[in-house]
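Values quoted throughout were computed directly from the atomic coordinates according to the rules given, and no laboratory measurement underlies them. A quick note: this is a predicted structure, and the numbers were derived from the prediction, not measured. Heads up, the Cβs are rebuilt from the backbone with ideal geometry, glycines too, and the neighbour counts pull from every protein chain shown.
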Amino acid sequence: MNITILNYTGNESNWGCQATSNNILQLLKKSNDEELLFSFIEIEYQGSKIRRLFNRTRIKTINLILAYTVFLTNFSKMFHPLEAENIKKIKECDLLILNGEGSLHGCNVELIKFVQYLSYAKKIGKKTAIINHSLQFDNKKAKKYLENLYTYSDINYFREELSLNNSHQINVKNSFLVPDAAFLNYEIDTSYLMIEGIPLKYIASSGSVVLKEDNRKYFDLLYKLGKYFNLPIVFIASCEVDKSFKELVIKEYEFTYYDETQLSVAQVQKAIKESEFFYSGRFHLNIFSATVGKIFIPFISNTVKMQGFLNLIGYPIKEIGVKNIEIEKEYENIISFIENNKALKNILLNNSKKQVKVLYKKYQELLK
């Protein structure tokens, strides 16, 4: 079977992107006895203004004249050197899988690429699927785009129930609740790994995609917790937003700092596992924490995914906002939560094991 993965993120610097795409590959390989051949289409998220304008124009055109998708796709080869290569991959595949991770909401201008490629694949007789994603309607225009997108997908895997419920609003067919592929990190062995310069005991932390320069209370609260537990803070910068706070966390708060140039996915997993607890607004890193049985303090993200994830695993606290944090209130709540939930480790591990079983079952079904 020849499989093309659209929106392959295994080469991104973000640990969550790396983990999900690589885990998807492992799930597919382990779910089928026959040889699988893979090709990948990576999406260019930071195109030029001209490229972005063309993308917006193309999605409007596709929404108006869906009957001409094949023509528009072939025509678009003239505007970007990768188009011909991507179209060739789709023509040669048996199954086109869209890894919707982090992408299916109105803030992403590259949403149009998914509509284009999925509709093209379906019109030339390919089996299609959208997996590993959350669904959020940011505005009416995005909702219309998404309605078009799902008409060209044969099977749809939503990673939490809030998104699954959103899919019902636009009558998505063949929709299923299937956890994020990052749960497969449960199977990672980190015992042999070393992390240079990390303290013996510490609180692990990361940022959030919605953190702004004026959200200093996020770090003030973390610093205060470090003082209470008499532990140093290790800050794991997951992406460019987190890395923008490097100077602040090192010079003003004296945190130990790591980013993707120093740590692999497995080392991040180990750093979280060996911490006292994890403090984070990062969706995938909080999944990493759950898979090693580590208590985490969740903060809000940019879509429904964090709330959906907490609901999925039955986590006993809600995510905290990053704006106007009431430091004393959250400080007391977090201390009480950590000191009264020591038994969470086994609950999280058992739940992660359960999620992995669901993943294998549903990916086997995907390849039938």
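Where Lys and Arg each count +1 and Asp and Glu each count -1, what net charge lies around CYS239 among other residues with Cβ under 13 Å from its Cβ?
Working: positive: LYS243, LYS246, ARG282; negative: GLU12, GLU240, ASP242, ASP259, GLU260.
Net local charge, CYS239 excluded: -2.
Can you give the local net charge around GLY314? Use residues other than it whose beta-carbon is closer than 13 angstrom to its beta-carbon, Lys and Arg +1, Asp and Glu -1. Intermediate values should be presented prior to the final figure.
On the way: positive: LYS318, LYS354; negative: GLU160, GLU161.
My count for the surroundings of GLY314 gives 0.
For the chain, divide the Cα radius of gyration by the Kirkwood radius and give the resulting Rg/Rh value with two decimals. Kindly include the intermediate steps, with their values, before the conclusion.
Numbers: Rg = 21.1 Å, Rh = 21.5 Å.
Reported Rg/Rh (Cα atoms, Kirkwood Rh): 0.98.
Mean separation of Cα pairs under 8 Å and 6+ residues apart, divided by the residue count of the chain: what relative contact order is that in percent?
On the way: 610 pairs, mean separation 61.6, N = 368.
That works out to 17 percent.
Once every DSSP H run of n ≥ 4 in the chain is given -39500 (n - 2.57) and the sum is divided by its residues, what mean residue ellipticity at 222 nm do you get, rounded to the nearest 500 deg cm²/dmol?
Numbers: 14 runs with 164 residues, N = 368.
After summing the helix terms and dividing by residue count, I get -13500 deg cm²/dmol.
Within segment 11-42, list the GluC sites (Glu not before Pro) lying in a DSSP loop whose Cβ has at most 14 other Cβ atoms in a 10 Å radius. It would help to have the intermediate numbers written out before the result.
Numbers: sites: GLU12, GLU34, GLU35, GLU42; in loops: GLU12, GLU34, GLU35, GLU42.
Answer in residue order: GLU34, GLU35.
Compare the Cα positions of GLY226, VAL268, ASN32 along the charge dipole of the chain (+1 at Cβ of Lys, Arg; -1 at Cβ of Asp, Glu; about the Cα centre) and return the one farthest towards the positive end.
The one lying farthest along the dipole's positive direction is ASN32.
Packing-wise, with mean Cβ within 10 Å as the measure, how do 284-292, 329-337, 220-228, 143-151 rank, highest first?
Working: 284-292: 27.7, 329-337: 14.1, 220-228: 16.8, 143-151: 19.7.
For the peptides 284-292, 329-337, 220-228, 143-151, the packing ranking is 284-292, 143-151, 220-228, 329-337.
Counting pairs of alpha carbon atoms under 8 Å apart in space and at least six apart in sequence, what relative contact order in percent does segment 187-352 give? Walk me through the numbers before you get to the answer.
Values: 243 pairs, mean separation 42.9, N = 166.
That works out to 26 percent.
How high is the relative contact order of segment 263-303, given as a whole-number percent (alpha carbon pairs under 8 Å, six or more residues apart)? Each step should come with its number before you reach the end.
Values: 46 pairs, mean separation 16.4, N = 41.
It comes to 40 percent, rounded to a whole number.
Using +1 on the beta carbon of Lys and Arg, -1 on that of Asp and Glu, and nothing else charged, what's the dipole of segment 187-352 about the Cα centre, debye to 20? Can you show the working numbers first?
Values: 19 positive and 21 negative charges, 63 e Å.
My answer is approximately 300 debye.
Taking each pair of different alpha-carbon atoms in segment 316-363 once, compute 1/r for the pair, average those values, and report the inverse of that mean as the Kirkwood hydrodynamic radius in Å to one decimal.
Working: mean 1/r = 0.0752 Å⁻¹.
Averaging 1/r across every pair of different Cα atoms and inverting gives 13.3 Å.
From the Cα gyration tensor of segment 187-352, with a ≥ b ≥ c the square roots of its eigenvalues, which class applies: rounded if a/c is under 1.5, or else prolate if a/b is larger than b/c, or else oblate?
Working: a/c = 1.30, a/b = 1.04, b/c = 1.24.
It comes out rounded by the Cα gyration axes.
Once the dipole of the chain is set up with Lys and Arg at +1 and Asp and Glu at -1 on Cβ about the Cα centre, which of ILE203, SER175, SER13 lies farthest towards its positive end?
Sorting the options by dipole projection puts first SER175.
Would you mind working out the magnitude of the charge dipole of the chain relative to its Cα centre, with +1 at each Lys and Arg C-beta and -1 at each Asp and Glu C-beta, to the nearest 20 Debye? Walk me through the intermediate numbers first.
Values: 48 positive and 40 negative charges, 255 e Å.
For the chain, the charge dipole is close to 1220 debye.
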